[in-house]
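For reference, the structure discussed in these notes is given below.
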Amino acid sequence: MEPMVPAPERKGAEFWLSAIDEARKRERPWRERARKVVERYRDERSSTDDSVRMNILWSNTDVLMAALYSRTPTADVRRRYMGDDDAARDAALALERYLTYSLDSYNFDSTVRDTLKDYLLVGRGTARVRLETDTYDREDVSEEVAYSPDGMPMVTSTTESVEEILDQRIICEPVHWADLVIQPARCWREVEWIAFRHMLDRDELKAQFGDIGAKVNFTHSRRGDERDESEELTEGRAEVFEVFDKRNRRRIFVSHGTDKVLEEEEDPYGLTHFFPIPEPLYSVRTTDTLIPVCEYTLYQDQVQELDLITSRISALTDALKRRGVFDASMKELSELAMADDNVFIPVDNYSSMLERGGLAGVMAEAPIQNLAAVLQQLYQARALVIETIFEVVGISDITRGVSADRETATTSRTKAFFGSLRLVNRKREVIRFIRDIMRLKGELVAEHLDPVVMGAATQIKITPEVFMALRDEMGRGYRIDIETDDSVAYDEAAERQQRIEVLTAAGNFIGQSAELVQSGALPFEAAKQLLMFGLRGFKKGRELEDLFESLQPPPPPQQDPGATDPGMQLAIVEREARAKEAELRGQIEQLKASLKNRELDLRERDMVQDGELEVGRLQLRAQEIEQAGELKREEMALKSLELEQNDG
């Protein structure tokens, strides 16, 4: 959290209402001008106003919104330092998944577009993050055993209502430019309090503030019009201000409808910078004040000139008609102007008309050449004024950056680069604003989201290590970095290119110097110092300094003391040859033994197969003998039966 000095004198509804009124008084000229700019953007005018004008403010705003924000951002959460920190890695993954889910759970694009519209029209736009929690009351019954004076056990039951979290949501919503009051300051870091305006009816006052809300007097009508001091409203709305006091880290609710503080509480969110909004977007920023400037005022003189030219073009276009006069004695000519194609008008004094020079002698048209020339000049002047407005706003750069069909790729890239050059700072500011929103949402997730809800939304098991990494307010910022894909796109590409350059340079040097080190032409320490000298020239090479500093020279190859003697070398060669020959002979003997064993196995297998065939033949022979014996016995039985019958 930011260090700050508490201000105990800041308390009470009177103090805060006075401070809010003073801040709004300073902003009153801007607020009045902002309402007029919004009316001009919406082209709101009375039904009797028939003036003709070009609403170039609407066109400019629409083009710039498309140039500054065109797609939904993607959260990019990672470990700040790529070390072996598994808890930070898992916590970053869980945060990234939940932020991605959060962007899909509501219309985040609409929030950003509404913020950008305020930014482009009135000069200031912002959005706030909010934590929504759905709970239910669960009755927890506990039993205790106690003993009476006579020693008999007694069971007492206690019912306690426990609040359980059903679901949690972290959303972002736009803050209307008229509903935000900021303490007068020169820059955002000097701002010590902000206030949000809410218009609440009686039911909302009671639901949020209880009995004191039922006694708040209405300050506005139900339509939102401010009431007269002498008027008593029985129905309407009360203007309630939600004040965030950064120095005392407290939230206070006050209203002009009562002289008491409606509600006051300690830091509700526990955010690092306390405020639930990022630094607002300012279209025109100076270093002496935070009062916004409507961007439209920078080219309103050119717009007035454009309206004047457009109105003259309309008037001259209306006057640019075919009109003329004719001889009254030839009334038939009045029908000529209204005649259709291939229609001839009969004339009684046709011969007289011919004598007077034909149609040219009896009728004449009003000249329109001068009107047409003036009209053409007005169109050219309007185009120049529009071009001037585009130059002021920066749309001309976008137009110059558009590529033609027949241009080369290099030309297209060059035009695209210079075409968006003036918008780079504005795009970076929008990217910064969205990144800060992501960080605020990430803080709310880490500080307040229930682990069960987070695990269900991210499909990641929130272990105690991950939970502690998220809850560690100080260490979380040191270990985890929250960005968006747009904010890290350039840095990621540059970092990847630097890593490739480091690896390429180190690999080339090591490959070229390895032979010199092995041959002894280049000492190992000299090669290592040259490598370190080259790595220190790369920013990413500094991360590898410790690794390369720990390199040790390779051990020298062990050499036989007698290797330099030719006789010894010959003896070594002969000994190695004999050893090789003995090894080959052993392999041959092993091969012969294995072949012999294989042959014995095959013979044994054949004998077994022959024995099995002989046993089969004997079994068949025994079955035949047994069957023949059975037949013989049956014949003997039949013969005995025949003899018995004959004897009988």
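Which links in 117/441; 206/246; 36/117; 25/246; 246/427; 11/215 stretch past 19 Å when you go from one Cα to the other?
117/441; 206/246; 25/246; 246/427; 11/215
Round to a whole angstrom and tell me the spacing of the C-alpha centers of the range 506-534 and the range 320-339.
A separation of 102 Å, based on Cα centres.
Going toward the positive end of the dipole of the range 169-303, with +1 on Lys and Arg Cβ and -1 on Asp and Glu Cβ, which of 217, 185, 299 do you reach last?
Among 217, 185, 299, the one farthest towards the positive end of the dipole of the range 169-303 is 185.
Within the range 124-150, what residues put their amide N at less than 19 Å from the label point 7 Å along the Cα-to-Cβ vector of residue 31?
124-127
In square angstrom, what is the accessible area per residue of the range 1-142 with a 1.4 angstrom probe?
Result: 56 Å² of accessible area for each residue.
Using θ = phi - 60° and the Karplus relation 6.51 cos²θ - 1.76 cosθ + 1.60, list the HN-Hα couplings for the range 39-55 in order, rounded to whole Hz, with x at every Gly or Pro.
5, 5, 4, 7, 6, 8, 8, 5, 5, 8, 7, 9, 6, 10, 8, 9, 8
Going by average Cβ density within 10 Å per residue, which order do the peptides 40-49, 115-124, 359-368, 385-394 take, highest to lowest?
Per-residue mean Cβ counts within 10 Å order the peptides as 115-124, 385-394, 359-368, 40-49.
Highest mean first, what order results for 95-101, 31-37, 464-470, 135-141 on Cβ atoms within 10 Å?
Final packing ranking: 95-101, 464-470, 31-37, 135-141.
Would you mind classifying the range 1-111 by shape? Square roots of the alpha carbon gyration tensor eigenvalues, ordered a ≥ b ≥ c; an a/c under 1.5 is rounded, otherwise it is prolate if a/b is larger than b/c and oblate if not.
It is oblate, given that a/c is not under 1.5 and a/b is not larger than b/c.
Heavy atoms only, probe 1.4 angstrom, no DNA, RNA or ligands counted: give me 201, 134, 86, 245 ranked by accessible area, highest first.
Ranking 201, 134, 86, 245 by accessible area, largest first, yields 86, 134, 201, 245.
Between residue 465 and residue 360, what length comes free when the chain is fully extended (0.36 nm per residue of separation minus the Cα-Cα distance, one decimal in nm)?
That pair, residue 465 and residue 360, stretches by 27.7 nm at full extension.
Ordering 344, 15, 209 by accessible area with a probe of 1.4 Å, largest first, what comes out?
344, 15, 209
With a sphere of radius 11 Å drawn around the Cβ of residue 52, what net charge do the other residues whose Cβ falls strictly inside it have (Lys, Arg +1; Asp, Glu -1)?
Result for the local shell: -2.
Counting only heavy atoms of the protein chains, get the accessible area per residue of the range 310-386 (1.4 Å probe) and round it to a whole Å² value.
75
Report the gain in length on full extension from residue 301 to residue 179: 0.36 nm times residue separation, minus Cα-Cα distance, nm rounded to one decimal.
Once the chain is fully extended between residue 301 and residue 179, it gains 41.0 nm.
Could you work out how far apart the two model spin labels at residue 497 and residue 516 are, taking each label as a point 7 Å from the Cα in the direction of the beta carbon, and quote it in nm?
Between residue 497 and residue 516, the label points sit 3.0 nm apart.
To the nearest 10 square angstrom, what accessible area does residue 154 show with a 1.4 Å probe?
That residue has around 100 Å² of solvent-accessible surface.
Would you mind checking which residues have amide H under 5 Å from residue 480's amide H? H placed 1.01 Å from N; only 5 or more apart, or other chain.
80
The values are calculated or read from the model by the stated rules, or taken from the named source; none is laboratory data. Please read these numbers as outputs of a predicted model, since none were measured by experiment. Note that each Cβ is placed from the backbone with ideal geometry, even for glycine, and that neighbours are counted across all protein chains shown. When the accessible area is computed, the model is the full protein with side chains, heavy atoms only, and any ligands, DNA or RNA have been set aside. Shrake-Rupley method; radii C 1.70, N 1.55, O 1.52, S 1.80 Å.
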